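The values are calculated or read from the model by the stated rules, or taken from the named source; none is laboratory data. From a predicted model like this one, the values you see are computed outputs, not experimental measurements. When we count neighbours, we look across all protein chains shown, and the Cβ atoms used for this are built from the backbone with ideal geometry, even at glycine.
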Amino acid sequence: MKIAVFPGSFDPITKGHVDLVNRAIPLFDKIIVAVGVNSQKKYLFSLEQRLEMLENVFANDDTVHVGQFEGLTVNYCKEQGARYLLRGLRNASDFDYEKTISQLNHIIGDELETVFLISKPEYSHISSTIVREIIKGKGKVESFIPIEILNQVTK
Ligand code: ADP
């Protein structure tokens, strides 16, 4: 069984993330969208809120599961029996960052393979960072986040 972990902060999940998962569904038997918990990092949404958002967005996708982990992504992959990581590339700075992480994970994760999908042009300007700024400034976020989480984000 081909299992992929899509790790991220998802603070909050955006249309860019959703598109990536949807495009990866035909490639894997199971995709685990996993919230990585880093106790040093400050988040806008709590872990519970982010997990609830992911559950809502992927409620109708049988092969997409939601999870959470602390510590190394490679350890979580091993626990879950996943041989693949899924990541998105929006631009050259994503590439520079992801390249190093992927090479490290390949070594420490016993040949764990990272599969990269290039973001669609209509989503490549979307980042959770920008979305958080718009939410804080009470701007319109509908264009950037999946409809299923609109209520949760704007309440
Ligand atoms: P992290 O904290 O690990 O960067 P994110 O939730 O910001 O977590 O991103 C998780 C993954 O989703 C990364 O691989 C990132 O490149 C990808 N991603 C983020 N935004 C988009 C987008 N708009 N289109 C495609 N991929 C994206």
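Annotations
- For the range 133-151, the set of residues classified as in a helix (DSSP H, G or I), farther than 20 Å from LYS42 by Cα, modelled with pLDDT of 95 or more and not hydrophobic (A, V, I, L, M, F, W, C) consists of GLU148 only.
- Any hit, the range 76-85, residues being among the acidic types (Asp, Glu), farther than 16 Å from VAL21 by Cβ and either in contact with a strand residue (DSSP E or B) (Cβ under 7 Å, 6 or more places away or on another chain) or touching a residue at least 60 places away in the same chain (Cβ under 8 Å) (or both): no
- From the options ASN105, ASN91, residue that is out of contact with any Gly (no Cβ under 6 Å at 6 or more places or on another chain), in contact (Cβ under 8 Å) with a residue 12 or more places away in the chain and within 12 Å of the ligand (Cβ to nearest atom): ASN91
- Candidates GLU70, GLU55, GLU48, filtered to the one that is touching a residue at least 12 places away in the same chain (Cβ under 8 Å), more than 12 Å from the ligand (Cβ to nearest atom) and not hydrophobic (A, V, I, L, M, F, W, C): GLU70
- Selection status of LYS99, more than 14 Å from the chain's Cα centre (by Cα), basic (Lys, Arg) and either in a helix (DSSP H, G or I) or within 14 Å of the ligand (Cβ to nearest atom) (or both): yes
- Filtered residue count, the range 30-48, keeping only those that are buried (at least 17 other Cβ atoms within 10 Å of the Cβ) and either on the phi > 0 side of the Ramachandran plot or outside any loop (DSSP other than H, G, I, E, B) (or both): 7
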